[in-house]
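Just so you know, all these numbers are worked out from the coordinates, no wet-lab data involved. Note that the structure is a prediction, hence the values are computed from the model and not measured. Every residue, glycine among them, receives a Cβ derived from its backbone with ideal geometry; neighbour counts consider all protein chains shown.
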Amino acid sequence: MDVMPKWAEVVLVPLISLVLAAILSALVILGIGEDPVAAVKLMVTGALGSTYGWGYTLYYATNFMFTGLCVSIAFHARLFNIGGEGQAMLGGLGVALACLYIPWPHWSLALIGATAMAALFGAAWAAIPAFLQAKRGSHIVITTIMFNFIAAAVLNYILVNMMRPKGSMDPATARFPDATKLPTLHDLLAPIGINFSKAAPANISLLVAVAACIFLWVLIWRTRLGYEIRAYGQSESAAKYAGISPVKITMIAMVISGALAGMMAINNVMGEAERLVLNATEGAGFIGIAVALMGRSHPFGVFLAAILFGFLYQGGAELALWTSIPRELIVVIQALVILFTGALDNMVRMPLEKIFLGIRNARAPKPAEPAE
Amino acid sequence: MTLMTKFLGAAAVTALTAGAALAEPALIFDLGGKFDKSFNEAAFSGAQRWAEETGETFREIELQSEAQREQALRRFAEAGSNPIVMTGFAFGDALGQVAGDYPETDFVIIGMVVDAPNVRSVVFNEHEGSYLVGIMAAMASKSNTVGFIGGMDIPLIRKFACGYAQGVLAANPDATIVANMTGTTPSAWNDPVKGSELTKAQISQGADVIYAAAGGTGVGVLQTAADEGILSIGVDSNQNYMHPGKVLTSMLKRVDNAVYQAMKDGPGMEKGFNVMGIANGGVGYAMDEFNKDIVSADMKAVVDEASAQIADGTLMVHDYMSDDTCPALSF
């Protein structure tokens, strides 16, 4: 029996965490002599006040949706996949290979092909730690985080020594051909009469991310496999007794997880940069952990949390552009939100649970008075 | 609905304040950050010098993510900033996309070439400056072993290493060069602890002069070299002052001059391709009161001779990036 009603669990806890983070952030901004109200206004207008702002917010949110889902599905199997970063990097490599070396006739085919490659590369990168966990008991947290470093090194080697165009200094691939250019929200919304900003990078992969959210919801709560994953996550021994193979579930959950992280690359590599640069993921893999925690590993929660973090990123960029708040303090503000919503969850949850318990006890009929 | 009006009102206010700052120059720092004691900081000091001399102000932003490159360029251009100066080769691609959309705005990119009618590209011959400090390193070394610590393993840093190695071998053909890169990710630009460890490792291999071309990582290299009693060589900015008498010299890359000049020229400046080498004072080595006692007259004479030869073209230092090979060092 849950102590709190559902609405308190999903709405009240994150909301109070956010307010706490906002108060602390305001103190930080006050401390360096800036006006917190103006700063918040600037963040809100910059991130949500125009289609341009929305374009960037949704672009970042798309990244975080993929990585948030990646962490979520692994969470359901009680696997802590910290390797989203590396898996997304490898996904980027898959996208780059697909876009550069296959002559696609149309973007829609390129999108399908690149998505498949991204998922394949990401899944393969997650499969190795998964195998080590399932067969050898090497702890997945350690192996996935190590694989992030290996991925960075592999990508660096490939970009510097193999895929960098001759004469270019930037460790990046050549630009993808025009046929692989994904339609942006501007292109998508123009036919229905919405004039979305042209400059913003949000693109059709947002829809892919939303589709992935729905797919994951169906998978987790409406299929036998999802049931097995959840059962394994709740209790490994019970799952084993019920005939569920731990090796199979570990592998499948991690492969799906890696594939989702890899698919992030269609947004940042194919949709935005249109070439593979070093460090294309920029920590989105790690933000995904916070997104999954805040979204309670539920696809819809992940969707909302991703938009919140997209807002923080874009709002933070606007702060950096138009105020003298230094970059480091903007990171502090973003980190405070992550800290409160992700790591300090219980700080809000426990007192709230006590309050709700108190209310319920006060309302509950006295057990000493049997009815008639 | 009232909330929406509030947002819109606030948006209008921001737009107005942004408009008030019209025609200010803007400076965009690369991901390394403004105070890296090296490349970006040099750019900042150039802009600072311009601001102090003219009493005007400039806009600036330190990037946090790759996606912000294009975003910052467009935002500044749309807000009317002119010229827009950016540090770092990584802007090349983004600027190539953006420059055409804002023909009225002048862009200056430092460390990369972008071919557009409204762009001034400033590049430095880092291999020439590194060659000079390589000569000094070889002459100052007693163990005949010198070290090089690079930041991230990219062609640009190999260009530094290659020029340095050529200088070392020119002064002492028997010298051994120990070269290490700090890492393969951008964090290698800002990892003084690892810089310190690499310095100790190179000392154990006999190196007694170490050249750090590693951004913020170099701070750790210089510190450890000073602690262990060997010499070090700074990079980009003049870093001699950081450990007086322990830093042999610094390879100067006058990013500050390039930024200062760009802001001084202002809108309507001369565009095109701008190579800053030894010949026009774009690169060089640092002499000041902190290192005058450790640089012998003999050393200075040899370096100045080489410098003159490079300037008039009689001495060619091989540029690693011209063909991705280095005759003096293998990576």
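Between residue A:223 and residue A:128, the FRET efficiency from the beta-carbon distance, with R0 = 30 Å, is close to 0.70. For the range A:243-372, the average shadow cast by the Cα convex hull is 15.1 nm², which is a quarter of the hull's surface. Over the range A:244-367, what is the mean sequence separation of C-alpha contacts under 8 Å (at least six apart), divided by residue count, expressed as relative contact order in percent? Relative contact order, the range A:244-367: 15 percent.
When shorter helices are ignored and each DSSP H run of at least 4 residues is given -39500 (n - 2.57), the per-residue value for chain B at 222 nm works out to -13500 deg cm²/dmol. Comparing A:205, A:138, A:197 in a Gaussian network model of chain A, where Cα atoms under 10 Å apart are tied by springs, the biggest mean-square fluctuation is seen for A:138. The trypsin sites (Lys or Arg not before Pro) of the range A:184-236 meeting both criteria, a DSSP state outside H, G, I, E and B (loop) and at most 16 other C-beta atoms within 10 angstrom of the site's C-beta, are A:198. In chain A, helical runs assigned H by DSSP with n ≥ 4 each contribute -39500 (n - 2.57); averaged across all residues and rounded to the nearest 500, the mean residue ellipticity at 222 nm is -21500 deg cm²/dmol. In terms of its C-alpha gyration tensor, the range B:231-274 has a prolate overall shape, because the principal axis ratio a/c (a ≥ b ≥ c, square roots of the eigenvalues) is not below 1.5 and a/b outweighs b/c. Residues considered: A:65, A:264, A:350. Largest GNM mean-square fluctuation over chain A, using C-alpha springs under 10 Å, is found at A:350.
If you take every DSSP beta bridge fully contained in the protein assembly as shown, what fraction is antiparallel? Give it as a percent rounded to 5. So the antiparallel bridges in the protein assembly as shown amount to around 10 percent.
When you filter the trypsin sites (Lys or Arg not before Pro) in the range B:238-287 for DSSP loop state and at most 10 other Cβ atoms inside 10 Å of their Cβ, nothing is left. Once the GluC sites (Glu not before Pro) in DSSP loops with at most 11 neighbouring Cβ atoms within 10 Å are cut out of chain B, the longest remaining piece is B:105-269.
Principal-axis analysis of the Cα atoms of chain B puts helix B:39-54 at an angle of about 60° to the longest axis.
The long axis of helix B:2-20 is offset from the longest Cα principal axis of chain B by roughly 60 degrees.
Helix B:155-171: angle to the longest alpha-carbon principal axis of chain B, degrees 0 to 90, nearest 10? Relative to chain B, helix B:155-171 is tipped by roughly 30 degrees. Averaged over the residues of peptide B:58-69, the number of Cβ atoms from other protein chains lying within 10 Å of each residue's Cβ is 6. Placing a pseudo-label 7 Å from each Cα along the Cα-to-Cβ vector at residue A:362 and residue A:237 gives an inter-label distance of 4.1 nm. For chain A, a Gaussian network of Cα nodes joined below 10 Å ranks A:257, A:108, A:72 by mean-square fluctuation, and the top entry is A:108.
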